[in-house]
Every structure is written in C-alpha cells, then in structure tokens.
1. Tell me yes or no: at least one residue of the stretch 416-432 is part of a helix (DSSP H, G or I), modelled with pLDDT under 95 and farther than 30 Å from Tyr75 by Cβ.
2. Looking only at residues that are hydrophobic (A, V, I, L, M, F, W, C), touching a helix residue (DSSP H, G or I) at 6+ places or on another chain (Cβ under 7 Å) and more than 26 Å from Leu141 (Cβ to Cβ) in the stretch 27-73, which one is surrounded by the fewest Cβ atoms within 10 Å (Cβ to Cβ)?
3. Quick check: is even one residue across the stretch 375-382 in contact with a Ser or Thr (Cβ under 7 Å, 6 or more places away or on another chain), aromatic (Phe, Trp, Tyr) and surrounded by fewer than 17 Cβ atoms within 10 Å (Cβ to Cβ)?
4. Only one of Ala206, Ala249, Ala188 is surrounded by 20 or more Cβ atoms within 10 Å (Cβ to Cβ), among the small types (Gly, Ala, Ser) and either farther than 27 Å from Lys393 by Cβ or under 23 Å from the mean Cα position of the chain (by Cα) (or both); which?
5. Collect the residues in the stretch 48-74 that are within 14 Å of Ala193 (Cα to Cα) and either touching a Gly at 6+ places or on another chain (Cβ under 7 Å) or assigned by TED's automatic domain parsing to the domain that holds Gly385 (or both), keeping them in residue-number order.
6. Looking only at the stretch 368-408, filter to residues that are touching a strand residue (DSSP E or B) at 6+ places or on another chain (Cβ under 6 Å) and of a type in the set (Lys, Arg); which one of those is nearest to Lys431 (Cα to Cα)?
7. If I ask for residues that are in contact (Cβ under 8 Å) with a residue 60 or more places away in the chain and either over 21 Å from Ala149 (Cβ atoms) or polar (S, T, N, Q) (or both), which ones from the stretch 261-274 would you list?
Amino acid sequence: MSNNGGRRYDFDLFTIGAGSGGVAGSRRAASYGAKVGICENSRVGGTCVIRGCVPKKLLVYGAHVADEISDAAGYGWSIGNARFNWGRLIAAKDKEISRLNGVYLRMLEDAGVSLLEGAGRMVDRHTIAIGERTVTAERILIATGGRPALPSTPGIEHAITSDQALDLQELPRRLLIVGGGYIAVEFAGIFRALGAEVSVAMRGHALLNGFDHDVREHLADEMRHRGIAILEGVVVESIRKQGEELSVAMSDGSSRKFEQVLYATGRVPNTSALRLAEVGIETDRMGAVIVDKFSRTSLPNVFAVGDVTNRLTLTPVAIAEARALAETLFNNNPVVFESELVSTAVFSHPPVASVGMTEEHARGLGKPIDVYRSRFRPMRHTLSGRQEKTLMKLIVDRASDLVLGCHMVGADAAEIMQGLAIALKCSATKKQFDLTVGIHPTSAEEFVTMRDPVPEFQTG
C-alpha cells in the first residue's frame, strides 16, 4: 500500500483504460518502482490494437494482394482463377488480434501492474470505482481513448462504424461511406480493392481536411481512377431499410441503395461515464479532458493522455505522452511531449504520409517559401500497366533553407516518411537534401533530386 505523508493509498498510480497509452504509462511507472493498477472494460490493447489501426492495417495488406495479382501479368505471371474469401481474412485477423491481446496482458503482468477488469469511474480525486469495487491511488491517469461519433440522422440505427466494419460477416457488394477523413478513405480503399462498389459521401468538397491541398487533390484523383465514387457537398438525410438493402436519401435530392452504410464522421473522447464533472475535472464541449503541457488536469493529482484529450489523436503520441508523464512523476525527470513535427500516415489506396507544415500553413504564417513538387509514374508500373502516379512535395523556408514540410502520396509513403521525419527533427536544410545521394532506382530518391522550385503562379 502506498504511503504519502501519512495517508495510505492502494496504488501510487491507477490508470483508467488499458489501451496503448495507458499500458505504456503504467509499465514505465512500474519500472521505476511505483505500485500501479489499471482497469479495462474490454480487451487489453485498446482501440489501436483491438479495433483500430492494427486490424485495419491487416485488412489493408489483404486488399493490396488484389493489386499484386492484377499487376502480375505485366511481369510475365499468369495467375488463373484467383479467388478471395472475406471470412478467411477476418478469421486470420481475429487470430492475430487475440495473439496481440495476450502479448499486452503478459506485458502488464511482467511489469508488475495489477489489472482489474471492468469500467472505471471517478468517485473522488483519489478514489476509483470498478464495478462494485473501489480502489484508491495517490495519482490517477485517464487514458480511455475515443469512440466513433454518430449523428442523429433518421435511420442511423441501420448504419455501422469502423468498429463493426472490421467484423462484418460478409463482404458488402455496395457500400456507402459517410465522411471524408482518414478512416473513410482507408476503408474505401480496402473495400474497393476487395471487389465492392464504394461511394464516399462528404459534407465538404475535399478529402482529408488539414492535409496539404496537393495531397488531397491527388488522392481524390487516384481514388476515382480506382472506381470509387466521391460525392462532394452532400449530406445523408435519412436511411431506410428496404428488404436486404438500405435506401439512402441525400441532400442533393437523390436516393441510392446500398448493402451497408459506414459512418466515418469523426470520433469523440470516451469520457461520458467517468463522472469527471462530479469530481471537478474540466472538459471541453466535446468531452475532451483539458490538460496542461505535463498532461495534468484541473485536479493536480489526476492526469490524462491520448485521444481522451483530443490533442493529437495518434497512437504513438498517446504512448509518448504517457511515457513522458511517467518520467516526470516517477523518475524525477520532467519531460514535456513535443508535438511539433509529428509525422502521420493514411493507409489509403494509394497511401498518404506527411510531416511538418503544409503549403497553406507556411503561407499563412507569412513565410516566403519555395515549393518543390514532383508527380511521376513509379517504375514498378511501367510493366504492370497501372496508370497510378506518385506525388512528392517539399515546403522550404526561403530565408533559412530549412525544410518545413514533406508530403507524399504513393506506394510505401509511410515507410519513406519516417526517415524524413528524423531529418526534419534534426533541422535539415534543402541543401542537405540536395547533397544526399539517392538510392537508385527507388521512388524515395525523388525527395533528394527535386532541383527547381515550382513557379509561384503554379502553387497555392
């Protein structure tokens, strides 16, 4: 039992939520000698491991096989009678997720972290209830993540979210995806590659809000080339079930029929059942926990990391925030997570990756910049016959020559962008990019061979 100034607690740290951030922070704190407990009302691993980026990426890999089979003829291969079985892919995915769940359970056990099964909720600033049980802790970490958001559209009960899309019993033949963010474009690519007719309906007029405009336009063009219908500036007004189909009424006056309607219109922090307001923890209008740079809430002994704070909603960010917190609290090593230059990827078809400033952001700061941009057909498609093109783009500060942003749409974008993120973190200049000898023949070498900036009238 923890003892602080004469007051005794069950734990030095108790974490609500055993996702990537919660597990990482708990293990790191325990490694410094803290007595740590954690609770989880579902499978340990959280959104990313159980119902997010990991299972989704496995489906992305499965979908890419379709491209490889299609491209094989150009390389002399005859692949006859290739057939896809959705059920076998889902079963294989489920088996791997169960394995990873076991890995996370063993990591907690090996670290000496006590796992309590059930949903946690705040009782007071030092007390947490898990079902009928209560525990006390000197410090509490909230790491409950987020959940899919659904609007109050008539008939919304007939729609599914990304959670259910990963566990569908059958591959839909006709699918409507509502939303234009990363979840929408990723699932659009998966289901289209596996043979479904896919439409994407979005309120706005461009995909991937917040990404560079060239990236957004290029991806939309490539998705259309793959046969994905992108419906811009429309809102779903109602969903009606008609037999085995769903009739969807759109704001443009049209009515279309689909087998499934998948909503990917954003996520909200998972805080509604935590009783935060009752104990004095402040949240914003979306329910996100408000924290300072050290992840401290309005209660000085309660902290929050990851998607529940609605800062940068990325798994590696949640892990980094949690580890920084453990260093600060239990290793006498104050660490503030640096949110600048966090790279990100969208596993669409083709994939997107980015680090640093977009062209719009840089120009909005009043910076004189140079833009370097290249569009080309990758070497692998000269024989495959596929017309898919890759986009690469650099944003450079004209005065200092610092590379401010790197952006890519094309095969292996995420793998390439990880190395570029290191370069930007080290304050690389365009001259240093130019002096770097490229690996030939690769697509990646284009980032160090773009010589001339785009003329001003062709940018922005």
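1. Residues of the stretch 416-432 part of a helix (DSSP H, G or I): 416-425, 430-432.
Retained after the next criterion (residues that are modelled with pLDDT under 95): none.
No, the stretch 416-432 has no match at all.
2. Residues of the stretch 27-73 hydrophobic (A, V, I, L, M, F, W, C): 29-30, 34, 36, 38-39, 44, 48-50, 53-54, 58-60, 63, 65-66, 69, 72-73.
Then keep just the ones that are touching a helix residue (DSSP H, G or I) at 6+ places or on another chain (Cβ under 7 Å); that gives 29-30, 34, 36, 38, 44, 48-50, 53-54, 58-60, 63, 66.
Then drop every residue that is not more than 26 Å from Leu141 (Cβ to Cβ), which leaves 58-60, 63, 66.
Numbers: Leu58: 18, Leu59: 23, Val60: 19, Ala63: 21, Ala66: 16.
Ranking the candidates gives Ala66 first.
3. yes
4. Numbers: Ala206 fails: surrounded by 20 or more Cβ atoms within 10 Å (Cβ to Cβ); Ala249 fails: surrounded by 20 or more Cβ atoms within 10 Å (Cβ to Cβ).
Testing whether each residue is surrounded by 20 or more Cβ atoms within 10 Å (Cβ to Cβ), among the small types (Gly, Ala, Ser) and either farther than 27 Å from Lys393 by Cβ or under 23 Å from the mean Cα position of the chain (by Cα) (or both) leaves just Ala188.
5. Of everything in the stretch 48-74, just one residue is within 14 Å of Ala193 (Cα to Cα) and either touching a Gly at 6+ places or on another chain (Cβ under 7 Å) or assigned by TED's automatic domain parsing to the domain that holds Gly385 (or both), namely Ala63.
6. Result: Arg398.
7. Of all residues in the stretch 261-274, those in contact (Cβ under 8 Å) with a residue 60 or more places away in the chain come to 261-271, 273-274.
Answer for the stretch 261-274, where residues must be in contact (Cβ under 8 Å) with a residue 60 or more places away in the chain and either over 21 Å from Ala149 (Cβ atoms) or polar (S, T, N, Q) (or both): Thr265, Asn270, Thr271.
For (1) under 17 Å from the mean Cα position of the chain (by Cα); (2) closer than 20 Å to Gly146 by Cβ; (3) outside the structural domain of Val123 (by TED's automatic domain parsing), each residue gets a yes or a no:
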residue	(1), (2), (3)
Thr283	no, yes, no
Val305	yes, yes, no
Leu314	yes, yes, no
Ala326	no, no, no
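The values are calculated or read from the model by the stated rules, or taken from the named source; none is laboratory data. Computed from a predicted structure; not experimentally measured. Neighbour counts run over all protein chains shown; Cβ positions are idealised from the backbone, glycine included.
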